[in-house]
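J.: Below is the structure I would like to discuss, written out as structure tokens.
Just so you know, all these numbers are worked out from the coordinates, no wet-lab data involved. Given the structure is predicted, the values throughout are model-derived calculations rather than measurements. As a convention, Cβ positions derive from the backbone with ideal geometry for all residues, glycine included, and neighbour counts pool all protein chains shown.
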Amino acid sequence: MAKIRGLQTNMMSIRDSRKSINEVTKSTQRLASGSRIASASDDVAGQSSAVSSEAKIRGKIQAGRNATDAVSMLQIMDGGMQEIGEMIVRVRELAINSASDTVSDIEREMIDLESKGLLREVSRIAKTSNYLNQNLLVGDERKLRIKIDTGGTSNDSISFDLKDMAQTPYALGVSDVSLTRQHRATISLAKLDYALTALGDSRAKVGGTLKRLSSANSKLSNDVVQESKVKSNYEDVDYASESAKLTSSKIQANASQAVLAQSVGSGMDYIKLID
């Protein structure tokens with residue numbers, strides 16, 4: 001009976017020692033990695049929630065990149081419109097000059113040459129303002145959709161029509177502006193005023209969309225911060241608690257090994273005596 005009791009003591013000591021060593025290993029891994037969940041078996045539900053939070057975080061970060069890229073695209077559009085607006089204002093200034101009796105028809109011919117050059121530049125800027133090979137100011141029949149959140153509804157995107165952004169001389173109604181005669185210059189003034197109004201409307205749409213994208217980006221940044229906190233609650237280790245647990249497990253492991261060494265030694269002596 002004494003021999004059986006010795007073997008039972010040895011087995012219990014080995015079990016307790018292994019358990020304590022496993023706890024030391026797990027605590028060490030958690031403290032080293034900073035993660036409370038070293039493997040799925042540590043917390044199945046917690047790991048699933050942490051993975052879900054990670055997916056949301058990465059999705060919102062990508063949506064933020066989308067919004068930032070869209071801001072760059074719209075800034076290209078706005079920059080092109082600004083230059084076009086300045087040239088239209090200059091052509092209008094020339095039209096006012098040509099409509100006055102203080103200049104002759106010969107001077108009006110020179111004025112008209114300058115206006116034609118400016119309108120050609122308007123056309124060139126409209127045709128060369130592009131982003132990733134997408135023309136932005138020629139009035140393409142295309143709706144651009146910017147994904148600014150992780151859902152699948154219309155509330156997760158911002159859209160605008162490129163056809164509303166046409167800034168060519170033809171789209172602005174100034175392709176036939178002529179300043180060679182006084183009456184033509186007077187008629188052209190009305191066309192140029194219309195062009196400036198249309199240009200202002202387009203810039204207002206771009207500006208409004210830029211504001212929306214800026215607000216969306218701010219919200220996404222806040223969402224990432226908050227979702228990161230949620231993920232941290234599931235996943236991050238509590239260093240104070242885990243350090244205390246590691247210390248306790250080390251003490252238990254050392255104690256179990258000491259008991260095991262003593263019991264094994266006593267058991268071997270007893271066996272030798274019996275034999």
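J.: How large is the charge dipole for the range 107-204, taken about the Cα centre, if only the Cβ atoms of Lys, Arg (+1) and Asp, Glu (-1) carry charge, to the nearest 20 debye?
T.: Once rounded to the nearest 20, the dipole reads 160 debye.
J.: Another question, then. By the scheme Lys and Arg +1, Asp and Glu -1, what is the net charge of all other residues having a beta-carbon under 13 Å from that of Asn155?
T.: +2
J.: Determine the gain in length on full extension of the stretch Arg145-Asp69; use 0.36 nm per residue of separation and subtract their C-alpha separation, reporting nm with one decimal.
T.: 26.1 nm
J.: Calculate the spin-label point distance for Met110 paired with Thr128, positioning each point 7 Å from the Cα along the beta-carbon direction, and give it in nanometres.
T.: My value for the distance between the label points is 2.8 nm.
J.: Something else now. Measure up Lys60/Lys147; Lys116/Lys143; Lys127/Lys163; Lys116/Lys205; Lys56/Lys229 against 20 Å on the Cα-Cα distance and list the ones that go over.
T.: Going by Cα-Cα distance, Lys116/Lys143; Lys116/Lys205 fall outside the 20 Å limit.
J.: Over 12 Å, how big is the tail of the calculated P(r) for the range 70-131, in percent of all Cα pairs?
T.: Tail fraction, whole percent: 69.
J.: Using a simple spin-label model with points 7 Å from Cα along the Cα→Cβ vector, what separation in nm is obtained for Ser214 and Gln82?
T.: For Ser214 paired with Gln82, the spin-label model returns 1.3 nm.
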